[in-house]
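The values are calculated or read from the model by the stated rules, or taken from the named source; none is laboratory data. Everything quoted here is computed from the prediction, not taken from an experiment. A quick note on method: Cβ atoms are made from the backbone with ideal geometry, for glycine too, and the neighbour counts reach across all protein chains shown.
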Amino acid sequence: MRIFLRGNTYHVHVEYGGKSVRQSLRTSDKREATVRAKSIERSLIDGSYQTSVAGSMGIVKSKTLQEAFDYIHATHWSKLKDTTGPTYRFNVLKRYIPGDTQLSQVTRGMVNDMILALTKLEHHRGKGYTPASINRILTTLTYILSWGVDSGYIDKAPKVPLFKESQNTRVCAQDEQDAIWKTLALSIDPVHKESLLLFELLLETGCRIGELLTLEWKQVDWERHCLTLPDTKSGSSVTKPLTLRAVEILTNWQQVGHPKPFIYNYKQAARSWNWAKQQVGLGEDKTLVRHTLRHTTATRLIEAGINAPMVKEFLGHKSATTTNRYIHLNVDSLSPLVNVLETMNTKRNIINSTPAAQNGVDKLFR
């Protein structure tokens with residue numbers, strides 16, 4: 001018999017007479033876990049395990065995907081900032097693996113069939129799901145199955161593969177920015193004009209779009225020229241200094257009586273961005289998204305000589321690894337390196353052109 005800790009809960013693995021039992025002991029107390037494990041071992045030996053032990057411990061030996069999801073959602077997912085994401089992904093998952101499927105009946109073959117279906121063109125607005133979107137759905141399934149193992153409903157979960165996701169390293173070039181800005185500024189649509197100010201603020205602050213859409217006036221410190229984001233994606237609070245242009249935009253919004261800085265929603269901002277892209281001939285460029293402005297801010301700071309740790313703090317990243325993904329040196333920024341190499345080559349040529357050096361080279365080829 002082996003008792004082991006998985007997460008905060010003790011589990012037991014007992015083998016006897018060709019039978020193997022691996023299940024959760026439903027406790028984080030080691031002494032209580034030992035008592036329950038010995039009870040399971042005795043009942044396995046005398047053949048009464050399924051009735052006496054499973055019943056006395058309140059262990060249900062089967063759960064459906066829907067039951068597991070409902071429990072996890074109530075105890076965990078409903079408390080996250082993104083409360084709708086898990087539900088959406090689970091609803092997609094149920095199209096291919098029904099909700100009344102027992103956890104023990106989920107196989108690798110079912111998972112593979114679902115992945116194949118998700119990549120077909122007819123399933124998602126006329127196009128297949130991206131690897132990143134499929135991974136979110138698969139991660140939801142993995143979480144449910146892992147919960148099933150930890151809770152003792154299944155002994156082992158099938159391996160769920162994930163796609164390798166490509167990082168979008170797109171940066172908005174200055175001419176692209178100028179064209180989009182000009183198009184929005186000349187528009188007669190008030191949403192487009194307001195969205196232009198939002199996009200400017202994204203570039204000035206390096207914020208995520210969700211952080212600015214939910215920004216409240218109380219988060220702006222007018223005296224210190226900074227804004228505080230109390231709950232960022234990384235889970236930490238971030239205070240950002242504001243440029244004069246950022247202060248100007250926020251001041252104008254406040255003076256016209258906006259109840260909060262940006263009065264439109266995410267979909268309206270997305271419509272303005274996509275419309276402007278289409279007008280300037282960038283409509284087919286799927287890599288040029290609103291989040292590109294955050295990439296652009298980080299890249300411009302790095303290229304201006306700001307060190308990575310400072311950029312990390314400004315963007316509010318937890319790790320330097322995340323910040324490094326935003327650092328993209330363009331070819332022009334590498335020109336000083338070429339100048340150094342050219343200088344080294346010039347010095348080498350001068351040395352090699354001396355009579356002594358030339359005699360040494362001649363001797364090598366005689």
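Quick notes
- Applying the criterion of being assigned to a loop (DSSP other than H, G, I, E, B) and within 25 Å of the chain's Cα centre (by Cα) to the residues of region 284-305, the residue that is farthest from Leu198 (Cα to Cα) is Glu284.
- Flag if Trp275 is in a helix (DSSP H, G or I) and either more than 25 Å from Glu176 (Cβ to Cβ) or touching a strand residue (DSSP E or B) at 6+ places or on another chain (Cβ under 9 Å) (or both): no
- Count of region 76-85 residues, restricted to those that are at pLDDT 85 or above, over 18 Å from Gly210 (Cα atoms) and not hydrophobic (A, V, I, L, M, F, W, C), is 1.
- Among residues of region 72-86 that are without any contact (Cβ under 8 Å) to a residue 60 or more places away in the chain and surrounded by 11 or more Cβ atoms within 10 Å (Cβ to Cβ), those with a Cβ under 7 angstrom from a residue that is in a loop (DSSP other than H, G, I, E, B) and polar (S, T, N, Q), sequence gap 6+ or separate chain, pair up as Trp77/Thr83.
- The residue that is nearest to the chain's Cα centre (by Cα), among those in region 207-227 that are under 26 Å from Thr299 (Cβ atoms) and part of a loop (DSSP other than H, G, I, E, B), is Arg208.
- Test: residue in region 111-131 that is closer than 15 Å to Thr142 by Cα, modelled with pLDDT of 85 or more and touching a Ser or Thr at 6+ places or on another chain (Cβ under 9 Å): no
- Residues within region 267-295 that are of a type in the set (Ser, Thr, Tyr) and either surrounded by fewer than 13 Cβ atoms within 10 Å (Cβ to Cβ) or in contact with a Phe, Trp or Tyr (Cβ under 9 Å, 6 or more places away or on another chain) (or both), tallied: 2
- With respect to (1) surrounded by 15 or more Cβ atoms within 10 Å (Cβ to Cβ); (2) in a helix (DSSP H, G or I), the lone exception for Met310 is condition (1).
- Filtered residues of region 186-206 (kept if of a type outside the set (D, E, K, R), outside any helix (DSSP H, G or I) and out of contact with any helix residue (DSSP H, G or I) (no Cβ under 6 Å at 6 or more places or on another chain)): Ser187, Ile188
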